[in-house]
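**Q** Sharing a structure below in structure tokens format, with a few things to ask.
The values are calculated or read from the model by the stated rules, or taken from the named source; none is laboratory data. None of the values given here were measured: they were computed from a predicted structure. Here Cβ is always computed from backbone atoms with ideal geometry, including for glycine, and neighbour counts include all displayed protein chains.
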Amino acid sequence: MRTLLLTAAFLPALASASPLPKANATFPEQDMAEVKLGWQLFYDPILSGNRSVACATCHHPDLGTSDGVSLGLGDGATGLGLERKIDASNPPEKRIPRNAPALWNLGATEFTVFFHDGRLEDDPSRPSGIRTPLGSEMEMGFRNALSAQAMFPVLSGDEMAGHYSENDVSQAVRLGQLTGPGGAWDILAKRVEAIPAYRAAFDDVIGAEEPVKFHHIANALAAFIAFEWRADASAFDAHLRDGTPLSDPANAGLDLFYGKAQCGTCHAGQFQTDHGFHAIALPQIGPGKAAPFERHNRDVGRGRVTGNEDDFYRFRTPSLRNITQTAPYGHNGAYTSLEAMVRHHLDPVGSLNAYAETQSTYSDGKFDTDFKLMRTNPEVIDIAAANELSPIHLTDQEVSEILAFLEILTDYDALQGRLGVPNSVPSGLPVDKLSN
């Protein structure tokens, strides 16, 4: 176990003001036929084992392209966001272990690493061009890591596949048949191809003679995500491009963000992320991502990918675009309040030790895994020991000014997406919408 004394050597020294980024992100053009096909697939529950969960269930524009709760409920629940309720006749075994990340600007070329722990990334040295948890099992044909990441949820029983053996997809997953003929991806591809409207749409994208494969579905979803949720026309972008003035509080917050508060050290670049991994003593709630033989409910983040103890409790730096719209915050949504998340950065270990369960947001039901680990002192000590951030003192006014700066990172015109939510999808299954 590492100690708090050891981590002091790794804390960064007080940095000087960071330079402002350039508004120069590159967004490759997308094939609109493929985009519109991906649009339908994104909202269609046909891609889940029980035909009950769509990609949009956990990544909905009405909820900032996330799901509005700390940890979501996938298969075995109905509704969106706070309205999502457990199906008593077929309840989920546990919550999804990590917060549903927002999808803003993933079509920009700088986004090459995905998931909170970075276990999926573009890697030109691999035959597939992608490094994934599947290793050599990864099928060829995925355009990039954005394409590949769009499809991993369909293999998760907690998210989209369903309980063990209750449908053909979950049965294949249980047997370890993920890729190849008869595998989970093959089953889903055949489902989609059997719907005439989808087959006709794929004719325009891959040709009428080409059978629909799983990677074709994934590529269409990625094209849609890249096109739909581009958000680079905020007040901050206008300020970077032509010096458009900001309000006094936002301007003061900008100076703090890139100066005294050191936020820009990790939240760098046009979209406020260095695409790196950092340990900031975030509380660990929910079922976690531990293997069965490990300490239950724990989540060591990047360390689970690399196997390196120095990476324990490090998680990917999130982009802050449209951050005011994407609560709750953190790899597991431990903080519902953006102000609370900002204040956590000022004294991470103190905030960890003072964490209250009421700072999270759940939609329905209680699981014994929700806060179990936070009541286990050894794990909290380990999380604290891994912290990389030195305490910083800010006044209440300065915190308010940073929040004013974060507000100007919102691209309001982008929030509902370019195509919006379709009224219907080719499968005829219901499209998820908020009731109010």
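**Q** Of these, TYR355, TYR335, which one is in contact with a helix residue (DSSP H, G or I) (Cβ under 6 Å, 6 or more places away or on another chain) and closer than 17 Å to ILE280 by Cα?
**A** TYR335
**Q** Please verify whether segment 305-324 includes one or more residues that are part of a helix (DSSP H, G or I), of a type outside the set (D, E, K, R), closer than 21 Å to PHE115 by Cβ and in contact (Cβ under 8 Å) with a residue 40 or more places away in the chain.
**A** Scanning segment 305-324, I find at least one residue that is part of a helix (DSSP H, G or I), of a type outside the set (D, E, K, R), closer than 21 Å to PHE115 by Cβ and in contact (Cβ under 8 Å) with a residue 40 or more places away in the chain, so the answer is yes.
**Q** Based on what the data block shows, is GLY38 within 19 Å of the chain's Cα centre (by Cα) and within 23 Å of GLY330 (Cα to Cα)?
**A** It is false that GLY38 is within 19 Å of the chain's Cα centre (by Cα) and within 23 Å of GLY330 (Cα to Cα).
**Q** Among the residues in segment 143-163, are any more than 19 Å from PHE114 (Cα to Cα), assigned to a loop (DSSP other than H, G, I, E, B), without any contact (Cβ under 8 Å) to a residue 12 or more places away in the chain and among the small types (Gly, Ala, Ser)?
**A** no
**Q** Give me the residue from segment 96-143 that is among the polar types (S, T, N, Q) and over 18 Å from VAL305 (Cβ atoms) and, out of that set, surrounded by the most Cβ atoms within 10 Å (Cβ to Cβ).
**A** By that ranking, first place goes to ASN105.
**Q** Among the residues of segment 368-377, how many are touching a helix residue (DSSP H, G or I) at 6+ places or on another chain (Cβ under 7 Å) and surrounded by fewer than 18 Cβ atoms within 10 Å (Cβ to Cβ)?
**A** Result for segment 368-377: 0.
Conditions (1) over 22 Å from the mean Cα position of the chain (by Cα); (2) surrounded by fewer than 17 Cβ atoms within 10 Å (Cβ to Cβ), marked per residue:
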position	(1), (2)
ALA354	yes, yes
LYS366	yes, yes
THR395	yes, yes
GLU407	no, no
VAL425	yes, no
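**Q** Return yes when LEU146 is under 16 Å from LEU120 (Cβ atoms) and either surrounded by 17 or more Cβ atoms within 10 Å (Cβ to Cβ) or at pLDDT 90 or above (or both) and no when it is not.
**A** So LEU146 fits the description; yes.
**Q** In this structure, is ARG98 charged (D, E, K, R), at pLDDT below 95, assigned to a loop (DSSP other than H, G, I, E, B) and touching a Phe, Trp or Tyr at 6+ places or on another chain (Cβ under 9 Å)?
**A** no
**Q** Now a separate question. Does segment 405-419 hold any residues that are touching a Gly at 6+ places or on another chain (Cβ under 8 Å) and in a helix (DSSP H, G or I), and which are they?
**A** PHE405, LEU406
**Q** What tally of residues in segment 240-264 results from selecting those that are under 25 Å from GLY330 (Cβ atoms) and either surrounded by fewer than 16 Cβ atoms within 10 Å (Cβ to Cβ) or of a type in the set (D, E, K, R) (or both)?
**A** 2
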